[in-house]
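Novice: Have a look at the structure that comes next, please.
The values are calculated or read from the model by the stated rules, or taken from the named source; none is laboratory data. Being a predicted model, the structure only gives us computed values, none of them experimental. So basically every Cβ, Gly included, is an ideal-geometry build from the backbone, and we count neighbours across all protein chains shown. Just the protein is used for accessible areas: all its heavy atoms, side chains included, with ligands, DNA and RNA removed. Shrake-Rupley method; radii C 1.70, N 1.55, O 1.52, S 1.80 Å.
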Amino acid sequence: MEKVQVVVDFLLEHKLVFTAIILIVIAIVRRIILSLIRGDVNFVSEDQRKWMSQTKNTSFLVAILLLFILWQSEISEFALSVTAIAVAIVVASKEIILCFTGSIQRASSRSFRIGDWIEVGKLCGEVIEHNMMRL
């Protein structure tokens, strides 16, 4: 029983090796099942094709599920890192995003044209140009 625990600990510490073993075992089992379903015939029947397709899909689902369970902590850390980077980019580029969305809104609403007089708060003036990044 102690040897089994040592092997399990080794595999959990070396996840890449464990991943390779999982994929190899699933591929071998899948190949054996598919050869049993296919048999010795040249042309497969509709039922055989259905079972072969279900076997392929099930083996893929089992592989994805096992790998997700094995790598769950790393996946969550990676997702957290990607989320933090995305938030940092949004915070850093907030002004640019606001300018672009404002210019899209301004262009789509056609609220004013060059030569129009506008008033913003206590300031008023004539529109002399339209830019993407300035009013």
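Novice: With unit charges on the beta carbon (Lys/Arg positive, Asp/Glu negative), name the residue among F78, C99, F112 whose Cα is farthest towards the positive pole of the charge dipole of region 51-114.
Specialist: Selected residue: F112.
Novice: Nearest 500 deg cm²/dmol is fine: what mean residue ellipticity at 222 nm does the chain get from its DSSP H runs of n ≥ 4 alone, each adding -39,500 (n - 2.57), divided by its residue count? Before the final figure, lay out the partial values.
Specialist: Numbers: 5 runs with 98 residues, N = 135.
Helices in the chain give a 222 nm mean residue ellipticity of -25000 deg cm²/dmol.
Novice: Over the chain, what percent of the accessible surface lies on carbon and sulfur atoms, probe 1.4 Å?
Specialist: Values: 7820 of 11420 Å².
Answer for the chain: carbon and sulfur cover 68 percent of the accessible area.
Novice: Oh, and also: What is the dipole size for the chain, taken about its Cα centre, with +1 at each Lys and Arg Cβ and -1 at each Asp and Glu Cβ, in debye to the nearest 20? Mind showing how you got there, number by number?
Specialist: Working: 14 positive and 13 negative charges, 81 e Å.
Roughly 380 debye, rounded to the nearest 20.
Novice: If you filter region 94-124 for chymotrypsin sites (Phe, Trp or Tyr not before Pro), then keep DSSP loop positions with at most 14 other Cβ within 10 Å, what is left?
Specialist: Numbers: sites: F100, F112, W117; in loops: F112.
Qualifying residues, ordered by number: F112.
Novice: A further question follows. Just how large is the dipole of region 66-135 about the Cα centre, in debye to the nearest 20, putting +1 at every Lys and Arg Cβ and -1 at every Asp and Glu Cβ? Could the numbers behind the result be given before it?
Specialist: Details: 6 positive and 7 negative charges, 53 e Å.
Here the size comes out at about 260 debye.
Novice: Okay, next question. Please state the shape class of region 51-90: rounded when a/c is under 1.5, otherwise prolate if a/b exceeds b/c and oblate if not, all from the C-alpha gyration tensor. Walk me through the intermediate numbers first.
Specialist: Values: a/c = 8.98, a/b = 2.75, b/c = 3.26.
Note, shape of region 51-90 comes out oblate.
Novice: Then there's this: Given axes a ≥ b ≥ c from the Cα gyration tensor, I'd like to know whether the chain is rounded (a/c under 1.5), prolate (a/b larger than b/c) or oblate.
Specialist: Working: a/c = 7.40, a/b = 2.31, b/c = 3.20.
Oblate, since a/c reaches 1.5 and b/c is not below a/b.
Novice: State, as an integer percentage, the relative contact order of the chain based on alpha-carbon contacts under 8 Å between residues 6 or more apart.
Specialist: Details: 57 pairs, mean separation 20.2, N = 135.
Relative contact order here is 15 percent.
Novice: Please compute the per residue accessible area over the chain with all protein chains in place, 1.4 Å probe, rounded to a whole number of Å². Numbers along the way, then the final one.
Specialist: Working: 11420 Å² over 135 residues.
Result: 85 Å² per residue.
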